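Colleague: Got a structure for you, questions after.
Since every read-out is calculated from the coordinates, none of them should be taken as a lab result. None of the values given here were measured: they were computed from a predicted structure. Glycine gets a Cβ as well: all are built from the backbone with ideal geometry, and neighbour counts include every protein chain shown.
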Amino acid sequence: MCESPVFVRMAEVGEGVFEVEMKGENRAASSSGQDGWEGAVFLSGNGKAFVARIAGESRRYPFLNSQDVMTIKPGGKEGFLRSLLDSSFSPTEWIVRQDAAHAKSKTYERGEISRP
């Protein structure tokens, strides 16, 4: 069962707001186990990138459109939040890690990071 509130909020003045929140109580996980993600993070505007990694015990929960809430408010006509909204993005699941290990590489020029 999901024991604590789960939410994400990203906001920057003039850039907009992205929020998602898991609503309701006593939601059973659809799966659990050791899991992680590793990939390049491309920084906007400066031509740089780094490799990020997150790993740990993960519990997956379905994103319930009838209960959960997602808000995307782009700050302008361009930018990643506008692209996310224009793509009709729709979450499908939550991946919750109560005690994850995080790591990040040094920052590279974009051309030094290979894309899959």
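Colleague: What about Gly45, is it free of Cβ contacts under 8 Å to residues at least 12 places away in the same chain, under 30 Å from Tyr108 (Cβ atoms) and in a loop (DSSP other than H, G, I, E, B)?
Modeller: Judged against the criteria, Gly45 is a match.
Colleague: Would you be able to say whether some residue in the range 94-101 is acidic (Asp, Glu), over 13 Å from the mean Cα position of the chain (by Cα) and either exposed (fewer than 11 other Cβ atoms within 10 Å of the Cβ) or under 20 Å from Phe7 (Cβ atoms) (or both)? Before you say what the answer is, go through the steps one by one.
Modeller: Filtering the range 94-101 for residues acidic (Asp, Glu) gives 99.
Now drop any that are not over 13 Å from the mean Cα position of the chain (by Cα), which leaves 99.
Then keep just the ones that are either exposed (fewer than 11 other Cβ atoms within 10 Å of the Cβ) or under 20 Å from Phe7 (Cβ atoms) (or both); that gives 99.
Yes, because at least one residue in the range 94-101 is acidic (Asp, Glu), over 13 Å from the mean Cα position of the chain (by Cα) and either exposed (fewer than 11 other Cβ atoms within 10 Å of the Cβ) or under 20 Å from Phe7 (Cβ atoms) (or both).
Colleague: Kindly indicate the residue of the range 67-78 that is among the charged types (D, E, K, R) and more than 30 Å from Ser105 (Cα to Cα) and also surrounded by the most Cβ atoms within 10 Å (Cβ to Cβ) among those meeting that condition.
Modeller: Looking at the filtered set, the residue picked out is Asp68.
Colleague: Does Val51 satisfy the criteria of being within 13 Å of Pro91 (Cβ to Cβ), part of a strand (DSSP E or B) and β-branched (Val, Ile, Thr)?
Modeller: Details: within 13 Å of Pro91 (Cβ to Cβ): no; part of a strand (DSSP E or B): yes; β-branched (Val, Ile, Thr): yes.
It is false that Val51 is within 13 Å of Pro91 (Cβ to Cβ), part of a strand (DSSP E or B) and β-branched (Val, Ile, Thr).
Colleague: Let me ask you something else. Checking the conditions here, which among Leu85, Leu81, Leu64 is part of a loop (DSSP other than H, G, I, E, B) and either of a type in the set (A, V, I, L, M, F, W, C) or surrounded by 11 or more Cβ atoms within 10 Å (Cβ to Cβ) (or both)?
Modeller: Of Leu85, Leu81, Leu64, the one residue that is part of a loop (DSSP other than H, G, I, E, B) and either of a type in the set (A, V, I, L, M, F, W, C) or surrounded by 11 or more Cβ atoms within 10 Å (Cβ to Cβ) (or both) is Leu64.
Colleague: Out of the range 24-61, which residues are surrounded by 13 or more Cβ atoms within 10 Å (Cβ to Cβ) and touching a Lys or Arg at 6+ places or on another chain (Cβ under 6 Å)?
Modeller: Within the range 24-61, Ala29, Ala49, Phe50, Ala52, Gly56, Ser58, Tyr61 qualify.
Colleague: Moving on. Within the range 1-42, track down each residue that is in a loop (DSSP other than H, G, I, E, B) and among the hydrophobic types (A, V, I, L, M, F, W, C). If you could, list the steps in order and put the result at the bottom.
Modeller: Here is the first cut: in the range 1-42, the ones in a loop (DSSP other than H, G, I, E, B) are 1-5, 13-15, 23-30.
Answer for the range 1-42, where residues must be in a loop (DSSP other than H, G, I, E, B) and among the hydrophobic types (A, V, I, L, M, F, W, C): Met1, Cys2, Val13, Ala28, Ala29.
Colleague: Being polar (S, T, N, Q) and touching a residue at least 40 places away in the same chain (Cβ under 8 Å) is the filter; apply it to the range 84-109 and report the residue that is nearest to Gln34 (Cα to Cα).
Modeller: Ranking the qualifying residues of the range 84-109, first place goes to Gln98.
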